[in-house]
Amino acid sequence: PPGTPAAAPAPAHPGGLGTAPPEVKAPPTPGGPSWWRDPIVKDGTTGPVGSAYLWGPSDTAPEAAQETVRAGRPSPDAPFRPPAPAPAPPGPRSIGGLVFLTALVAGGLGTWLSWPHQPLGSVLQVGLVAALAVFGLGLLVSSLLGRTGFGTVLLAVVTAVLLAGATMLPKDISTDWARKEWRPAEVAAVEPVYQLGTGDVRLDLSGVAVPRGETVRTLVEVGAGRAAVIVPEDVTVKVRAEAGLGEIRLEEAQRVQIRISSDETTQRTLPPPEGSRPAGTIELDVQVGIGQVEVTRATS
């Protein structure tokens with residue numbers, strides 16, 4: 001309205017459209033002064049100044065920064081990086097290899113010491129018991145001082161199975177292999193028993209002339225190996241063959257019968273060939289724990 005004084009112009013807002021933009025400045029050099037490093041002023045007080053900032057150029061060389069990151073340590077350019085977890089403490093050391101070697105030595109030592117004095121079954125039992133004892137002691141120690149894997153438990157089980165098998169071996173199987181051959185020339189020279197622990201036995205009765213109506217009896221016993229008996233051509237042979245585990249071969253009428261037996265007893269009567277002169281009888285009892293029984297007739 002007329003007579004009213006004109007209003008004073010409003011001052012221009014610093015951020016208004018009429019204000020010129022701030023002068024463009026070059027980015028600060030690493031390590032140099034910058035506004036975000038200035039002390040924080042609030043209510044006239046100055047707070048502590050941190051050594052790092054959240055943005056801006058890096059104050060460290062790129063190679064040093066990468067090395068710091070790889071090491072897992074917080075750097076001035078990454079103050080909020082969580083620290084790397086502490087390495088886990090080492091667990092107990094495995095003693096499986098030491099237990100296996102000790103069991104091997106104990107088993108071998110027990111077998112070697114008992115070899116000259118005991119049959120094969122007892123020798124194996126001594127060695128396997130020594131090895132099994134070491135495995136058991138190793139499992140006990142591992143529960144306190146170390147650890148053992150599945151392999152040690154498996155070897156202990158296998159050793160126990162072998163020990164059970166060794167207890168089933170016949171006691172007459174010796175540890176030394178021998179070869180024996182007997183050839184009596186007359187009935188009086190035929191012994192009632194021929195024995196051998198382990199090896200090859202050959203009893204040749206082809207030179208024994210058994211008179212008609214007489215009977216000659218003998219026993220051939222082998223723990224492990226082969227028992228071969230040759231009978232005269234003109235005699236009647238009554239055979240009782242026994243094999244714990246093995247093969248029985250009996251000649252009957254010029255034909256060979258092969259039987260694989262296990263804890264079985266075979267009895268056969270082998271008559272003389274046709275056209276031969278009458279003679280006496282031979283009763284054979286052939287026993288083999290593990291191996292082969294063979295009865296053949298001599299040829300003229």
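The values are calculated or read from the model by the stated rules, or taken from the named source; none is laboratory data. Computed from a prediction, not measured in an experiment: that's the story for all the values here. Using ideal geometry, Cβ is built from the backbone for each residue, glycine included, and neighbour counts are taken over all protein chains shown. Keep in mind that these areas ignore ligands, DNA and RNA; they rest on the heavy atoms of the full protein, side chains included. Shrake-Rupley method; radii C 1.70, N 1.55, O 1.52, S 1.80 Å.
On the stretch given as the stretch 101-113, residues that are buried (at least 19 other Cβ atoms within 10 Å of the Cβ) and out of contact with any Gly (no Cβ under 6 Å at 6 or more places or on another chain) total 2. A Cβ distance below 6 Å, combined with a sequence gap of six or more or placement on separate chains, defines the contacts here; from the stretch 166-184, residues that are closer than 18 Å to ARG202 by Cβ reach no residue that is modelled with pLDDT of 80 or more and open to solvent by 90 Å² or more (accessible area, probe 1.4 Å). Just give me the residues in the stretch 264-294 being within 39 Å of the chain's Cα centre (by Cα) and among the aliphatic types (A, V, I, L, M), in sequence order. Listed by number, the residues that qualify are VAL288, ILE290, VAL293.
Take the conditions closer than 22 Å to ILE173 by Cα, assigned to a helix (DSSP H, G or I), out of contact with any Cys (no Cβ under 9 Å at 6 or more places or on another chain) and modelled with pLDDT of 85 or more and apply them to THR111. Does it pass? Yes; evaluated as a whole, the condition is true for this residue. Scanning the stretch 121-154 for residues that are open to solvent by 30 Å² or more (accessible area, probe 1.4 Å), of a type outside the set (Gly, Ala, Ser), part of a helix (DSSP H, G or I) and at pLDDT below 90 yields LEU139, LEU140, VAL141, PHE150, VAL153. For THR159, which of the numbered conditions (1) surrounded by fewer than 15 Cβ atoms within 10 Å (Cβ to Cβ); (2) part of a helix (DSSP H, G or I) fails to hold? Result: THR159 passes all but (1).
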